[in-house]
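Colleague: I'd like to ask you about the structure that follows.
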Amino acid sequence: HPPNSQAFRQRLPLSGAWLPLWATEPVIRISPPRMLGWLEGIESITGAVTDGVIVECSATERLLCHLPPSHIRRKIHDSIMLAGKAGASIASIGGVDYFMERRGQSLIDIPGTLLTTGLGLSLATRLKAIDMVSFQFGIDLADVKVALVGAGHPAGAILARLLAQKVHYLAISEDVGAPDTARSNLGALAARILHESGLAATITSWSQAVSNAEVVVLAGDSPGPALVTLAQRLESGSLLFDCRRQSLSPQSMIYGKNGEGNGEFERILVVTEPLLSIPGKYETQPPGLLGAGLVHPWMAEAMILSLEGMSHTASQPGRWLSIAWVEMIGRLAEKHGFFIGAVECSRGVIHVRDLERLPRLLRDRDTEGREPAH
C-alpha cells in the first residue's frame, strides 16, 4: 500500500501531476488494485528459482485506519486475486495486516493462497542486526545491561525469550506509557525465560529499565512518539533498536516533521529494520523497481516460502507468530541466501560494508555547523 497520497500520485502516469492533491484520496478510495511490476529470476543458493509480482493495494495508511473494515477486506481480497491471476500462490500482507490487527480485525482466508505477514522473518533479522551493530560498537551483549520495552506484546515476548539466550542481564517492561499494574502480566514471561535459559529477567518500569541499560530494544505496539520519549532518557552514544512493526522511517528521525534536525536522535543511534539482499541475477519489470535490490523482510519471507516449496501447505505458518517459526524462517533465509545487506537507522540506510562507520557517524555529526556529540 502507498504510505500516503503523495506516494500514490507519484506512481501514476506523469507522476500524478494531472491529479489535484485534494482529489487524490477520493480517487484512492474507489481505485482497484494495480499491478506495479514483476520480479524474475530470484535464485536460491540451493538452485531453486521463483518469480513474483508486486501489487498495489489502493489504500494509504490513513485510509487503512479509517475506512470500514469491510471496505479494506474487499480491497485486500481484490489485490490477492489480481496476484493470483498472474500465477502467485503466496501473498505477503505484512503492512496491511498490521493495520487490521490494530483495529481488532482479522484478515480473510483466500483458498489456494498462502498468506504470510513477514513478522517472523522481521524478528529473526532484527535479532541478527542487534548482534551486528553491537559488535561494531565493541559491545558484547553478554557483558552489558539490555532492556526490552514492550515485552507484554507477543512479538516483544518472543524477542525477550531469544535475547535471554544471548545476554547475562535483561530488564523487561511493558510499553511506554503503560500503567504500573501492567507489570504484573510479565511474571509468566519471566518464569518462562528462567525455565528456558536459566536467566532471571528483571521486571521493572520502562523508565527504570532504560535508565540503566546500554542497549535498549523497543518491541511493543506503542505509537511513534514513544521512540522520542525513550531517546530523551538515554545517555549519549546509546543503542536503541526499534523493533515495532511500524517503526519511524530514518528520514523522519533525522529531519523531523518540519525538516529540521532532531537532536534526540543525533545523540544516540536508532536502528529500525534490516534490509535483505535478493539472491540470484534477478530482473524486474519495469527495471529498477526494487532500487538497489534490497527488500524488507516482509517481502523476502514470501520469496523464501516459495523457494522452499511451501506454497501449498495448509498450516499457514507465516500467519501465526511463535518462537519456533521465528527460528525456522531465520534458518530458511540463510539456507536460500537472503542475508542482511543494509540497515535502516537514524543515520540513514547504511550498507553492511559501511557498518564500521557507524561509531564515527555517531560521534561526529555530518550536518554543517553542528558540534560533535561527545
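The values are calculated or read from the model by the stated rules, or taken from the named source; none is laboratory data. Fair warning: this is a prediction, and the values are worked out from it, not measured in the lab. Here the Cβ is made from the backbone with ideal geometry for all residues, glycine too, and neighbour counts use every protein chain on show.
Colleague: Quick one: what pairs do we get from segment 333-362, first residue more than 26 Å from Gly280 (Cα to Cα) and surrounded by 15 or more Cβ atoms within 10 Å (Cβ to Cβ), second among the basic types (Lys, Arg) and modelled with pLDDT under 90, C-beta under 6 Å, 6+ apart or different chains?
Modeller: Pairs that qualify, where the first residue is more than 26 Å from Gly280 (Cα to Cα) and surrounded by 15 or more Cβ atoms within 10 Å (Cβ to Cβ) and the partner is among the basic types (Lys, Arg) and modelled with pLDDT under 90, are Leu361/Arg347.
Colleague: For Arg102, indicate whether it is charged (D, E, K, R), out of contact with any strand residue (DSSP E or B) (no Cβ under 6 Å at 6 or more places or on another chain) and at pLDDT below 90.
Modeller: Answer is yes for this residue.
Colleague: Name every residue in segment 73-123 that is among the aliphatic types (A, V, I, L, M) and in contact with a Pro (Cβ under 8 Å, 6 or more places away or on another chain), in order of residue number.
Modeller: Leu82, Met100, Leu121
Colleague: Just a yes or no: is a residue in segment 214-221 over 25 Å from the mean Cα position of the chain (by Cα), of a type in the set (Asp, Glu) and surrounded by fewer than 19 Cβ atoms within 10 Å (Cβ to Cβ)?
Modeller: Checked segment 214-221: no residue is over 25 Å from the mean Cα position of the chain (by Cα), of a type in the set (Asp, Glu) and surrounded by fewer than 19 Cβ atoms within 10 Å (Cβ to Cβ).
Colleague: Look at Gly293 and say whether it is out of contact with any Leu (no Cβ under 7 Å at 6 or more places or on another chain), modelled with pLDDT under 75 and either closer than 24 Å to Gly37 by Cα or small (Gly, Ala, Ser) (or both).
Modeller: So Gly293 does not fit the description; no.
Colleague: Among the residues of segment 1-44, what is the count of those that are farther than 21 Å from Met100 by Cβ, of a type in the set (S, T, N, Q), over 26 Å from the mean Cα position of the chain (by Cα) and at pLDDT 75 or above?
Modeller: Qualifying residue count, segment 1-44: 1.
Colleague: Just one of the numbered conditions (1) more than 17 Å from the chain's Cα centre (by Cα); (2) under 30 Å from Arg360 (Cβ atoms); (3) part of a helix (DSSP H, G or I) is not true of Met81; which one?
Modeller: Met81 satisfies every listed condition except (2).
Colleague: Do we have Asp97 as of a type in the set (Asp, Glu), part of a helix (DSSP H, G or I) and either in contact with a strand residue (DSSP E or B) (Cβ under 9 Å, 6 or more places away or on another chain) or crowded, with 19+ Cβ neighbours inside 10 Å (or both) here?
Modeller: Spelling it out, Asp97 is indeed of a type in the set (Asp, Glu), part of a helix (DSSP H, G or I) and either in contact with a strand residue (DSSP E or B) (Cβ under 9 Å, 6 or more places away or on another chain) or crowded, with 19+ Cβ neighbours inside 10 Å (or both).
Colleague: Here is a check on your reading of the model: is Leu194 more than 30 Å from Gly309 (Cβ to Cβ), in contact with a Lys or Arg (Cβ under 6 Å, 6 or more places away or on another chain) and of a type in the set (A, V, I, L, M)?
Modeller: no
Colleague: Could I ask something else about it? Filter segment 164-194 down to the residues that are modelled with pLDDT of 95 or more, buried (at least 22 other Cβ atoms within 10 Å of the Cβ) and in contact with a strand residue (DSSP E or B) (Cβ under 6 Å, 6 or more places away or on another chain) and list them by number.
Modeller: Ala164, Leu170, Ala171, Ile172 - these are the residues of segment 164-194 that are modelled with pLDDT of 95 or more, buried (at least 22 other Cβ atoms within 10 Å of the Cβ) and in contact with a strand residue (DSSP E or B) (Cβ under 6 Å, 6 or more places away or on another chain).
Colleague: What strands (runs of 3 or more DSSP E) lie completely within segment 141-247 and have 2 or more residues being of a type outside the set (Gly, Ala, Ser) and within 30 Å of Leu64 (Cβ to Cβ)?
Modeller: Per the criteria, 146-149, 215-218, 239-242.
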